[in-house]
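The values are calculated or read from the model by the stated rules, or taken from the named source; none is laboratory data. Treat the numbers as computed from the prediction; the structure is a model and nothing was measured. Using ideal geometry, Cβ is built from the backbone for each residue, glycine included, and neighbour counts are taken over all protein chains shown. Heavy atoms of the whole protein, side chains included, go into the accessibility calculation; ligands, DNA and RNA do not. Shrake-Rupley method; radii C 1.70, N 1.55, O 1.52, S 1.80 Å.
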Amino acid sequence: MKVVGILIVVALIAYFEISPMAKKKEIKDLWVFSFLLLIGTVLSIMLAIGVTIPNPLDGLTKVLKPVTNFILGLLD
Amino acid sequence: MGKKLKSILRRKNNKQKQIDRIDNKSIKSQFDSNLEQNIKKFKSMLGSSTDLEVRKFRVGKNGSYQVAFIYTDGLVDREIINNLLETLMINLRKDDDQNSMEKSSTILEYLENYGITIGGITGVNNFETAFDAILSGDTLLLIDGYSEGYYLATTGWEDRGVTEATSQTVVRGPHDSFTETLRTNTALIRRRIKNPNLWLETKQIGKRTRTDVAIMYIKDIAEDKVVQEVRNRLEQIDIDAILESGFIEELIQDETFTPFPTIYNSERPDVITAGLLEGRIAIFVDGTPYVLLVPALFIQFFQSPEDYYSRADIASAIRILRFFCFFITLLFPALYIGITTFHQEMIPTQLLISLAAQREGIPFPSFVEALIMEITFEILREAGIRMPRAVGQAVSIVGALVIGQAAVEAGIISGVMVIIVAMTAIASFVLPTYNMAISVRLLRFIFMILAATFGLFGIIVGLIALVLHLSSLKSFGVPYMAPMAPYNAQNQKDSLIRFPIWGLIQRPHLISQKNVVRQHDNVPTKSKK
Amino acid sequence: MLEQSKISNRQLTILIVQFIIGSKILFVPASLAADSEQDVWLSGLIAIVVGVFVAWFYAHLALQFKNQGILQYSEIVLGKWIGKLVNIVLCIYFLIIAAFLVRDIADFMTIQIIPGTPILAIMIVFMILTIIGVRLGLEVLSRAAEIFNPWVIFLLLLLLVSVSTQIEWKNMFPVFDHQMKHIMKSSLTFITFPYLEMIIFLQIIPYVNKPSRVKRNMIVGTVLGGGMLVVVTLFCILILGVDSTTRHIYPTYALAKKITIGEFISRIEVIVAGVWFLTIFIKLSLCLYFIAASIVQLFALKTYKPLTFPIGIILIFLAIILVPNMAYLTNFDATTWIPIAIIVGFILPFIIYIVHRLKIAASGKKT
């Protein structure tokens, strides 16, 4: 159900955006747009059907842990 | 989105390739030298329409020249024609001035110099120009043996006369209003601005109606770019008919898909005069008392001419009241719906109890209730405008009873709802311009829907969208929300509030950068005793 | 450049003020008072001073380049590939910020204003609104900000004036009770969010009418925006007390709940949420604009407008994925966000600036 909704929304967006770009022959714009839209669609569908997606911020937190601790350590 | 819709609309138009083409092969031809031939041609071209009058007579010594007047009955001033005939047929014969007759090389020149006792006279030699002239009330004069003639300015038809303004009334201020005649209208402005820099350009628009459209501006105040833009846009119009200035408005406005008017219109000469003096451009259309004014700003629709005729403090207070009413019209029903459905805690307890008591037994949610009442009101309002005067009484009685008493007593509508609808209705009539009031009333429904779905969140989302939309509008290159955004400190003196006249030193900046300073620092010095 | 629009210097100041207030105003008392407690005003002042320096530096950097934003000159100064890398970093930086903003607004709405409405619906509605704004362009956005401005000020004043009768001065004491370290720590969260996010204006300054006055605008905006935040925090401390302030997720909203006018009008805190809503809208729009601009620059596209919808979808996704709950976000802001903001918001532009000066110096020597 949710997936269908997402697809409808995406199709609407694509319908309204692609034709002007195609008319102006902005091929590169069209590619980037389609690529981003595809990423958005795939991610949303994954979210909708309940695939567990790791939080990238957790990774970021781990990587930056020493720096964070250093800075906060200065002020503790 | 707007562009997309536009292109869809356009696409449909393109399919109908057959554009209105006027059959005008014969009309391009020149006059014949034979008078009878010409008359016959005129008659056949007009399909022997019965209002085409041809008056044949003879002038000159012994009546040696066969002359004909051709005019449209009803469009000409009979008196002028009669006087002219008297001169040509009687007076000219009485003292048959042989000298002047001989001095003139042709009878045409003789008539121009000695015979025709009338102001406007123009030479013509083809049917197209002649028809333009005849059909706009001029009289064509043709002489047998000559393939050219004159058309004489004999225009004079039944006219409504300058009467009191009906759509924008004031308590204090001039009461005259424009009429359906373009010339009368321009004269009303000329009478107010006696300055040679007040320029007037006329062109005919509409392939079939050939409607006179005039643009008027003050040369050294109005921005040249904007004047040129107006000219260009008018030039591009290719349409069969212009029946009212609304046609021009829709064809030249910047943005079609907006509920807000981006062109101001008025039937009051003093409003148009004030606009011209601020550097705006007036567009007159023959056949309508509504004159257009560009560029138009958002705040302009909240200003009444009377603001400038009454005391500054009073006028300012009234202007603020109008903005307040703008918000009431826009948001009052939406706020009621939003608060009663989502945010009851905002209502003071006492009020909440009485509201709940009233709402008890009402079968509809407040959104449906509001919708019913608002639509009923709109129906009544529209009926009130369109219906024949005679039945007006009946409708207002029925309306008052149905909306007010009966609906509440029947338990369909709560009493509070009636008050709210009445408030919004009255508040919407406070706005001095009809077209702004109606667009606000339309938007009110959108806000009601938003409030019903998302409560106050919906309302604020709607407000932000509204502000974004308003900020994106432009009227002939001038941002619609000026002088609030882009902000101009000087022009704030005449926006939300009005400063005393001596404080309004500068003209609106964005309308025109030319000749910005209006007056000296005129703070009056009073002798103190 | 993306568009032909021009914004006035006044509009720039207003954008900065609303950008700083946006989203921060509801949280600021909690985070600012977390370590410095009643000495919060001192932390605030320190943060504003640092903020002024940051703003001055940004303006100074922006004025080195005419008609170019950071996305353009990073490629010129650092070379095409390193420049593109910097742009990707900036893009991700603002993707995270924007996702947080979306999350903030949706969480606040579902918790406080319209409980029961699905969070996704609010996110989508708000995202569509932002996309409309961004597609209309920077000029329209800054005009809208200009129209919001008096309302923001009016509503804030309404809040402060109507609760001012409830001030209890004893909440301020004891003064200077905290170590300088703790006070500094509080300032640090204030500097990283929102001041080091002001790097976004490096892309907006090129559109300003009179570049000569940009430095002044930046500093005035920083001080005004920061000042408002500090004043609101002070009021929270003075009225709610330190404990209550730091315990609430939305202390400012708790403060607004205290509004009573004449015993009749009460519970009008929703109106104060309006301030937050307007400013967060402006902030999110600017972020979305920047993200779209960075992608346009990355692939040398012609227009940013079609990109807004896909970015919007991705942002909603990120808003759900990145922030499992508000506590996570608060914690993240107080820890990991600090190095990220310092690296992206300060070290990156500083490197660009140094390299640029070195290049100028080098070319000066050659000739």
Requested in this report: Between A:TRP31 and B:GLU255, take the C-beta separation as r, use R0 = 22 Å, and let me know the FRET efficiency to the nearest 0.05.
Outcome: 0.10
**Report entry** When each of B:LYS474/C:LYS80; B:LYS493/C:LYS210; A:LYS24/C:LYS84; B:LYS493/C:LYS257 is checked by Cα-Cα distance, pairs over 28 Å
**Finding:** B:LYS474/C:LYS80; B:LYS493/C:LYS257
Query - region A:29-46 residues near the modelled C:ILE92 label - backbone nitrogen below 19 Å, point 7 Å along Cα→Cβ - result: A:36, A:39-40, A:43
Report task. Run the numbers on chain B and let me know its relative contact order in percent, using alpha-carbon pairs under 8 Å that are six or more apart. Result -> 13 percent
Report task. Measure off 7 Å from each Cα along the Cα-to-Cβ vector at B:THR106 and B:THR525, then give the distance between these two points in nanometres to one decimal. Result -> 6.8 nm
Requested in this report: Please report the orientation-averaged projected area of chain B, defined via the convex hull of its C-alpha atoms, in nm².
Outcome: 36.5 nm²
**Report entry** Solvent exposure, largest accessible area first (probe 1.4 Å, DNA, RNA and ligands not counted), of B:HIS520, B:HIS175
**Finding:** B:HIS520, B:HIS175
Query raised in the report: Using unit Cβ charges (K, R positive; D, E negative) and no other charged atoms, how large, in debye to the nearest 20, is the dipole of region C:110-223 about its Cα centre?
Result: 380 debye
Query raised in the report: In percent, what relative contact order does chain C have, based on Cα pairs under 8 Å that are 6 or more apart in sequence?
Result: 40 percent
Report summary line: Ranking B:SER44, C:SER285, B:SER136 from most to least accessible area with a 1.4 Å probe gives B:SER44, B:SER136, C:SER285
Query raised in the report: Once the Cβ-Cβ distance between A:LYS65 and C:THR165 is put in as r, and R0 is 45 Å, what FRET efficiency do you end up with, to the nearest 0.05?
Result: 0.45
Report summary line: Of the candidates C:GLN297, C:ILE249, C:VAL220, the farthest towards the positive dipole end of region C:211-367 (Lys/Arg Cβ +1, Asp/Glu Cβ -1, centred on the Cα centre) is C:GLN297
Query raised in the report: Ratio of region B:246-311's C-alpha Rg to 2.2 N^0.38 Å, to two decimals?
Result: 1.12
Query raised in the report: How would C:LYS215, B:LYS40 line up by accessible area, probe 1.4 Å, largest first?
Result: B:LYS40, C:LYS215
Query - Residues whose placed amide H lies under 5 Å from that of B:TYR264, excluding near-sequence neighbours - result: B:LEU293, B:ALA296
**Report entry** Probe 1.4 Å - accessible area at C:PHE332, Å² to nearest ten
**Finding:** 10 Å²
**Report entry** DSSP-loop GluC sites (Glu not before Pro) across region B:344-385, with at most 15 other Cβ within 10 angstrom
**Finding:** B:GLU360
Query raised in the report: Can you work out ³J(HN,Hα) from phi for every residue in region C:307-316, in order, using Karplus 6.51 cos²θ - 1.76 cosθ + 1.60 and θ = phi - 60°, giving whole Hz and x for Gly and Pro?
Result: 6, 4, 5, x, 4, x, 4, 4, 5, 4
Requested in this report: Can you tell me the relative contact order of region B:26-152? Whole percent, Cα pairs under 8 Å, sequence separation 6 or more.
Outcome: 36 percent
Requested in this report: List every residue whose amide H lies under 5 Å from the amide H of B:ILE281, counting only residues 5 or more places away in sequence or on a different chain, with H placed 1.01 Å from N in the peptide plane.
Outcome: B:VAL294
Query raised in the report: Where a Cα-Cα gap under 20 Å defines reach, which aspartates and glutamates qualify for C:LYS170, not counting those fewer than 8 residues away within the same chain?
Result: C:ASP35, C:GLU37, C:ASP39, C:ASP243
Report summary line: Placing each pseudo-label 7 Å from Cα in the direction of the beta carbon, B:ASP32 and C:TRP56 end up separated by a distance in nanometres of 9.4 nm
Query raised in the report: So what is the orientation-averaged projected area of chain C, using the convex hull of its C-alpha atoms, in nm²?
Result: 18.8 nm²
Query - Residue-averaged [θ]222 nm for the protein assembly as shown, counting only DSSP H segments that reach four residues, each worth -39500 (n - 2.57) - result: -18500 deg cm²/dmol
Query - Evaluated over region B:312-472, the Cα radius of gyration and Dmax, each in Å - result: 16.8, 50
Requested in this report: Express in Å², to the nearest 10, the accessible area of B:SER48 obtained by rolling a 1.4 Å probe over the protein heavy atoms while all chains stay in place.
Outcome: 80 Å²
Query raised in the report: Roughly how many Å² of B:ASP220 are accessible to a 1.4 Å probe, to the nearest 10?
Result: 60 Å²
Query raised in the report: What are the residues of region B:470-491 that lose 30 Å² or more of accessible area, with a 1.4 Å probe, going from their chain alone to all protein chains?
Result: B:SER471, B:SER472, B:ALA485, B:PRO486, B:TYR487
Query raised in the report: If R0 is 45 Å, what FRET efficiency do you get for A:LEU72 and C:ALA361 from their C-beta distance, rounded to 0.05?
Result: 0.75
Query raised in the report: Where does the charge balance sit around C:PRO174 when Lys and Arg score +1, Asp and Glu -1, over other residues with C-beta under 13 Å from its C-beta?
Result: -2
Requested in this report: May I ask for the net charge around B:SER304, where only other residues with Cβ less than 12 Å from the Cβ of B:SER304 are counted and Lys, Arg are +1 while Asp, Glu are -1?
Outcome: +2
Report task. Report, as a whole number in µm² per second, the diffusion coefficient that Stokes-Einstein gives for the protein assembly as shown at 20 °C and 1.002 mPa s using the Kirkwood radius over alpha carbon pairs. Result -> 64 µm²/s
Report summary line: To the nearest 20 debye, region C:9-366 has a Cα-centred charge dipole, built from +1 on Lys and Arg Cβ and -1 on Asp and Glu Cβ, of 1540 debye
Query raised in the report: Helix A:27-48 versus the longest principal axis of chain A: what is the Cα-based angle in degrees, 0 to 90, to the nearest 10?
Result: 60 degrees
Requested in this report: Please give the net charge around B:GLN490, taking every other residue with its beta carbon less than 15 angstrom from that of B:GLN490, where Lys and Arg add +1 and Asp and Glu add -1.
Outcome: +2
Query raised in the report: Along region B:169-183, what does the Karplus equation 6.51 cos²θ - 1.76 cosθ + 1.60 (θ = phi - 60°) give for ³J(HN,Hα), rounded to whole Hz, x for Gly and Pro?
Result: 9, 10, 7, 10, x, x, 9, 6, 9, 5, 10, 7, 9, 4, 5
Query raised in the report: What Rg and what Dmax come out for region B:26-152 when only alpha-carbon atoms are used, in angstroms?
Result: 14.0, 43
Report summary line: Taking max minus min of the Cα coordinates of region B:410-470 on each principal axis, largest first, gives extents in Å of 42, 32, 12
Requested in this report: Assuming a ≥ b ≥ c are the square roots of the Cα gyration tensor eigenvalues, decide whether chain A counts as rounded (a/c under 1.5), prolate (otherwise, with a/b larger than b/c) or oblate.
Outcome: oblate
Report summary line: Applied in sequence order to region B:276-291, the curve 6.51 cos²θ - 1.76 cosθ + 1.60 (Karplus, θ = phi - 60°) yields integer Hz couplings, x standing for Gly and Pro, of 4, 6, 8, x, 7, 10, 9, 10, 9, 10, 5, x, 9, x, 8, 9
Report task. Give the distance, in whole Å, between the Cα centre of region C:111-182 and the Cα centre of region B:234-313. Result -> 39 Å
Query raised in the report: With each pseudo-label sitting 7 Å past Cα toward Cβ, what's the B:GLU360-C:TYR328 distance in nm, one decimal?
Result: 4.8 nm
